[in-house]
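Accompanying notes for the structure given below.
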Ligand SMILES: N[C@@H](CCC(=O)N[C@@H](CS)C(=O)NCC(=O)O)C(=O)O
């Protein structure tokens, strides 16, 4: 999508810029949203394993030292939830929030469970801290415990309301947060997904959707450098 505004450095900015890391599930949420809305963007890789999130240039963009960060002309937005709502209002094509208030609240609830009660407990900063304080054997069970706790709640919440997707028959905000967490849970964190039939079925649906597939960690250009 054409974007003729100036970027933070005053230069012409042809499109949206997404500062992200290939393996970051929070970045993956935003990639899915951009893909679903058909928005072109320039990927600006930030290598978390090389601590590039702590570089002075990046800290100027996000003092919290986390990806993702979205730049849209003179708008600089951090945090995937804020970015989602910004994109939804600014680019209403292919809406990701239903008009029905209850369903909209369900979408916020799912996004919030993933974004506040699961992912922050298993992100790199927390796992590194646990490893330093309690030893490397502790971090994996810690992450699994919190993911399973969240997945149990999500399974109960969605089992009777899910359509083809989590909250209906079209992909919505809830799916953009769920997909990266389910995929990371099943692969990186080796969760036994047979305990979560609804989440397992959604996993297959996401695998088949091009917008979700091209947002996968393995399909990012910066994945090649690892
Ligand atoms: N609430 C934030 C969380 C962002 C976050 O946790 N980002 C992780 C990658 S998924 C990160 O940048 N970690 C860097 C670090 O742990 O040092 C969001 O939704 O954007």
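Restricted to the stretch 59-69, and to residues that are near the ligand (Cβ under 10 Å from one of its atoms) and touching a strand residue (DSSP E or B) at 6+ places or on another chain (Cβ under 9 Å), which residue is farthest from residue 16 (Cα to Cα)?
In the first step, residues of the stretch 59-69 are kept if they are near the ligand (Cβ under 10 Å from one of its atoms); the result is 62, 64-69.
With the extra rule that they be touching a strand residue (DSSP E or B) at 6+ places or on another chain (Cβ under 9 Å), the set shrinks to 62, 64, 66-69.
Numbers: 62: 17, 64: 21, 66: 18, 67: 15, 68: 13, 69: 11 Å.
Selected residue: 64.
For the stretch 122-131, does any single residue satisfy the condition of being more than 16 Å from the ligand (Cβ to nearest atom) and surrounded by fewer than 18 Cβ atoms within 10 Å (Cβ to Cβ)? Even if it seems obvious, please write down each step before you answer.
Step one: list which residues in the stretch 122-131 are more than 16 Å from the ligand (Cβ to nearest atom), which gives none.
So far as the stretch 122-131 goes, no, none of its residues is more than 16 Å from the ligand (Cβ to nearest atom) and surrounded by fewer than 18 Cβ atoms within 10 Å (Cβ to Cβ).
Kindly indicate whether any position in the stretch 84-101 is within 10 Å of the ligand (Cβ to nearest atom), outside any loop (DSSP other than H, G, I, E, B) and either touching a helix residue (DSSP H, G or I) at 6+ places or on another chain (Cβ under 9 Å) or touching a residue at least 12 places away in the same chain (Cβ under 8 Å) (or both). Walk me through how you get there before you give the answer.
To start, the set of residues in the stretch 84-101 that are within 10 Å of the ligand (Cβ to nearest atom) comprises 84.
The next check asks that each one be outside any loop (DSSP other than H, G, I, E, B); those that pass are 84.
Next, only the ones that are either touching a helix residue (DSSP H, G or I) at 6+ places or on another chain (Cβ under 9 Å) or touching a residue at least 12 places away in the same chain (Cβ under 8 Å) (or both) stay: 84.
Yes: one or more hits.
In this structure, is residue 118 away from the ligand (no atom under 12 Å from the Cβ), in the same structural domain as residue 180 (by TED's automatic domain parsing), closer than 18 Å to residue 184 by Cβ and within 18 Å of the chain's Cα centre (by Cα)?
So residue 118 does not fit the description; no.
Condition check: more than 13 Å from the chain's Cα centre (by Cα) and either at pLDDT 95 or above or within 15 Å of the ligand (Cβ to nearest atom) (or both). Does residue 56 satisfy that? Steps first, please.
Values: more than 13 Å from the chain's Cα centre (by Cα): yes; either at pLDDT 95 or above or within 15 Å of the ligand (Cβ to nearest atom) (or both): yes.
Yes: the conditions hold for residue 56.
Could you list, in sequence order, the residues of the stretch 13-52 that are in contact with a strand residue (DSSP E or B) (Cβ under 9 Å, 6 or more places away or on another chain) and either surrounded by fewer than 19 Cβ atoms within 10 Å (Cβ to Cβ) or over 20 Å from residue 86 (Cα atoms) (or both)?
14, 15, 21, 22, 40, 42, 43, 44, 45, 46, 52
Restrict the check to the stretch 4-20 and report whether at least one residue is part of a loop (DSSP other than H, G, I, E, B) and either within 11 Å of the ligand (Cβ to nearest atom) or at pLDDT 95 or above (or both). Talk me through it step by step, then tell me what you get.
Going through the stretch 4-20, the residues part of a loop (DSSP other than H, G, I, E, B) turn out to be 4-5, 7-11, 13-15.
Going one step further and asking which of them are either within 11 Å of the ligand (Cβ to nearest atom) or at pLDDT 95 or above (or both), we end up with none.
Looking for residues that are part of a loop (DSSP other than H, G, I, E, B) and either within 11 Å of the ligand (Cβ to nearest atom) or at pLDDT 95 or above (or both), one finds none in the stretch 4-20, hence no.
From the residues in the stretch 74-92 that are touching a strand residue (DSSP E or B) at 6+ places or on another chain (Cβ under 8 Å) and closer than 19 Å to residue 59 by Cα, which one is modelled with the lowest pLDDT?
We begin by selecting, within the stretch 74-92, every residue touching a strand residue (DSSP E or B) at 6+ places or on another chain (Cβ under 8 Å); these are 74, 76-78, 83, 86-87, 90.
Of the ones still in play, those that are also closer than 19 Å to residue 59 by Cα are 74, 76-78, 83.
Working: 74: 95, 76: 98, 77: 98, 78: 98, 83: 98.
If we take residues in the stretch 74-92 being touching a strand residue (DSSP E or B) at 6+ places or on another chain (Cβ under 8 Å) and closer than 19 Å to residue 59 by Cα, then 74 is modelled with the lowest pLDDT.
The values are calculated or read from the model by the stated rules, or taken from the named source; none is laboratory data. This structure is a prediction, so every number in the text was calculated from the model and none was measured. Here the Cβ is made from the backbone with ideal geometry for all residues, glycine too, and neighbour counts use every protein chain on show.
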